[in-house]
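Heads up, the thing below is written out as structure tokens.
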Amino acid sequence: MPVADIELYEALKEKVREKEAKTLLEFIESKVEKRIEDKKEVLATKEDIKNSEIATREEIKRVEVSTKEEIKNLEVRMMDEIKKLEVRIEKTKSDIIKWMFLFWLGQLASLIAILQIFFRK
């Protein structure tokens, strides 16, 4: 018996008889052991923690690898979209220049017509 158990036994023996003190002490020990057994299912052991830590590290590595792959895929898709946008911008730019040229020709033709009318009189 550990020291605490002996001290408890001695204290109980003074209050009640020896047999009842021993029975009460055994009852308390059985209750404590039962509670410990019940908690073993809920509580994690060192082995459980070690295994979960290893699993967590592996999961982190897997997530890192998949994240890097996703980032690379996104970069490729972004580059494709940027190239498409650059092509569209160049096309729009050339369309604007074409329409500006046509507008200037229209303005020049209008100006020449107005000047001819003005100088004929």
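Computed from the coordinates by the stated procedures, all read-outs in this text should not be read as laboratory data. All values derive from a computational prediction rather than experimental measurement. Glycine also receives a Cβ, built like all others from the backbone with ideal geometry; neighbour counts cover every protein chain displayed.
Roughly speaking, what is the stretch gain from Glu20 to Arg62, that is 0.36 nm per residue apart minus the C-alpha to C-alpha distance, in nm to one decimal?
Length gained between Glu20 and Arg62: 9.0 nm.
Based on a Kirkwood Rh over C-alpha pairs, give the Stokes-Einstein translational diffusion coefficient of region 21-121 at 4 °C and viscosity 1.567 mPa s in µm²/s.
57
Please give the FRET efficiency for Asp38 paired with Ile71, using the beta carbon to beta carbon distance and R0 = 30 Å, rounded to the nearest 0.05.
Plugging the Cβ-Cβ distance into 1/(1 + (r/R0)^6) gives 0.05.
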